[in-house]
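The values are calculated or read from the model by the stated rules, or taken from the named source; none is laboratory data. Since the structure is predicted, the reported quantities are computational estimates derived from the model, not experimental observations. Counting neighbours? That spans all protein chains shown, and the Cβs are built from the backbone with ideal geometry, glycine included.
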Amino acid sequence: MSKVRARITALGRYVPPRVVTNADLEKLVDTNDEWIRTRTGIRQRHYVEPGTPTSEIALHACRDALHKRGIGADELDLIIVATVTPDMLFPATACLLQDKLGAKKAWGFDVSAACSGFLYALTMGAQFVETGAHRKVLVVGADVMTSILDFQDRATCVLFGDGAGAVLLEPGDDGTGILDFSHEVDGSGEPYLHMVAGGSRRPTTRETVDQRLHFVRQEGGHVFKFAVRKMAEISLRVLERNGLSGADVDLFVAHQANIRIIDAAQQRLGLPDDKVIKNIDRYGNTTAGTIPLALGTALDEGRLKAGDTLVLASVGAGFTVGGALVKWSGVNW
Ligand SMILES: CC(C)(COP(=O)(O)OP(=O)(O)OC[C@H]1O[C@@H](n2cnc3c(N)ncnc32)[C@H](O)[C@@H]1OP(=O)(O)O)[C@@H](O)C(=O)NCCC(=O)NCCS
């Protein structure tokens, strides 16, 4: 009998039905399909109807996960929501989601780690399961990025989409589950990717709105270089400290921010195409949603089976860096 680990026993996901293509964006900003495809790998993304909050898309993903596992929300102990687009600054989206789900005995909280949010939340949730404190933890990555996009800024608005994913963590001792993780923060990265206004440093005023400071801003080139370096570094670290190498990886599931970032990490890890999930063409960067959505794509394509060794990796605003080593437990799909 091996150590009790947190196993992923269900996966749910949701993207809103409205598809926005690169051609659609050409009508809004000075851009073109060829630039977006070749620089980012994105062909389309999904947008919510304006006014749809993050808790709503999270709710769909959670219900999907619970349905696939065949349990009710009243069985949940804890709900962790990773998001940078909470419904409001407080209460936490996890509280609003707990109510919508009817998860009567669950407590919950939000995690703010941008594109690394899902991995931070996943490994946090795993601690509660491994210690025996909880038996059913729902980890959600959800973002309505359109609520913070500046559709006058062509360099950022083309990159993102809306979407949500949720996984259920439960204890098990069959050797599968979350085996290890390594996370980092480099707070000096703040100026390169941020939303300046709306917090205590720059409360929202007429002036901050006029200056469009309530939208996401980034210095793409700087973020790109950092992401290329760190995505590979964190992946190699979780492998090497477990005596593994790229050759032991069955599937590499990276945050989907730019196809060139994923390609660079793939090359450093020495992985063939069939061991790397890429779905950024369909969804764009959904921030906390990308990794569960990518796991969903892997299941759709029959590329994920029980016992597989997975490396999950992310880089996001903060800067935050996340890496996890997972032995896949198998889920109903
Ligand atoms: C944003 C990103 C795609 C830009 O690619 P890039 O190759 O670095 O391109 P640059 O920013 O150097 O811009 C090159 C040119 O394209 C232009 N451009 C920017 N956005 C454009 C768009 N949507 N359409 C057409 N042209 C565009 C720029 O204005 C620039 O023009 P110039 O040379 O005349 O000044 C890339 O930097 C990136 O993906 N960064 C990481 C972003 C990220 O992952 N963020 C989320 C955090 S995980």
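With the requirement that a residue be among the small types (Gly, Ala, Ser) and buried (at least 16 other Cβ atoms within 10 Å of the Cβ), what does segment 229-283 give you?
Those that are among the small types (Gly, Ala, Ser) and buried (at least 16 other Cβ atoms within 10 Å of the Cβ): Ala232, Ser235, Gly246, Ala254, Ala257, Ala264, Ala265.
Looking at Phe224 and the list (1) free of Cβ contacts under 8 Å to residues at least 40 places away in the same chain; (2) part of a helix (DSSP H, G or I); (3) over 18 Å from the mean Cα position of the chain (by Cα), which single condition is not satisfied?
(3)
Give the residue, chosen from Ile57, Ile71, Ile42, Ile36, that is crowded, with 17+ Cβ neighbours inside 10 Å and assigned to a loop (DSSP other than H, G, I, E, B).
Matching residue, one of Ile57, Ile71, Ile42, Ile36: Ile42.
Can you report the number of residues in segment 178-236 which are of a type in the set (Gly, Ala, Ser), under 13 Å from Gly318 (Cβ atoms) and within 13 Å of the ligand (Cβ to nearest atom)?
The qualifying residues number 2.
Taking Thr205 as meeting all but one of (1) without any contact (Cβ under 8 Å) to a residue 60 or more places away in the chain; (2) in contact with an Asp or Glu (Cβ under 8 Å, 6 or more places away or on another chain); (3) polar (S, T, N, Q), write down the number of the exception.
If we test Thr205 against (1) without any contact (Cβ under 8 Å) to a residue 60 or more places away in the chain; (2) in contact with an Asp or Glu (Cβ under 8 Å, 6 or more places away or on another chain); (3) polar (S, T, N, Q), just (2) comes out false.
What are the residue pairs meeting all of these: first residue in segment 301-326, first residue over 30 Å from Gly189 (Cβ atoms), second residue modelled with pLDDT under 95, Cβ atoms under 6 Å, and 6 or more apart or on different chains?
Ala306/Gly330
Would you check which residues across segment 62-106 are farther than 15 Å from Lys136 by Cα and acidic (Asp, Glu) and list them?
Asp64, Asp87, Asp99 - these are the residues of segment 62-106 that are farther than 15 Å from Lys136 by Cα and acidic (Asp, Glu).
Among residues belonging to segment 1-31 that are surrounded by 14 or more Cβ atoms within 10 Å (Cβ to Cβ) and part of a loop (DSSP other than H, G, I, E, B), point out the one that is farthest from the ligand (Cβ to nearest atom).
Step by step, filter segment 1-31, then rank; the result is Val4.
Go through the residues of segment 134-148 one by one and say whether even a single one is among the acidic types (Asp, Glu) and either in contact with a Phe, Trp or Tyr (Cβ under 7 Å, 6 or more places away or on another chain) or outside the structural domain of Ser235 (by TED's automatic domain parsing) (or both).
Checked segment 134-148: at least one residue is among the acidic types (Asp, Glu) and either in contact with a Phe, Trp or Tyr (Cβ under 7 Å, 6 or more places away or on another chain) or outside the structural domain of Ser235 (by TED's automatic domain parsing) (or both).
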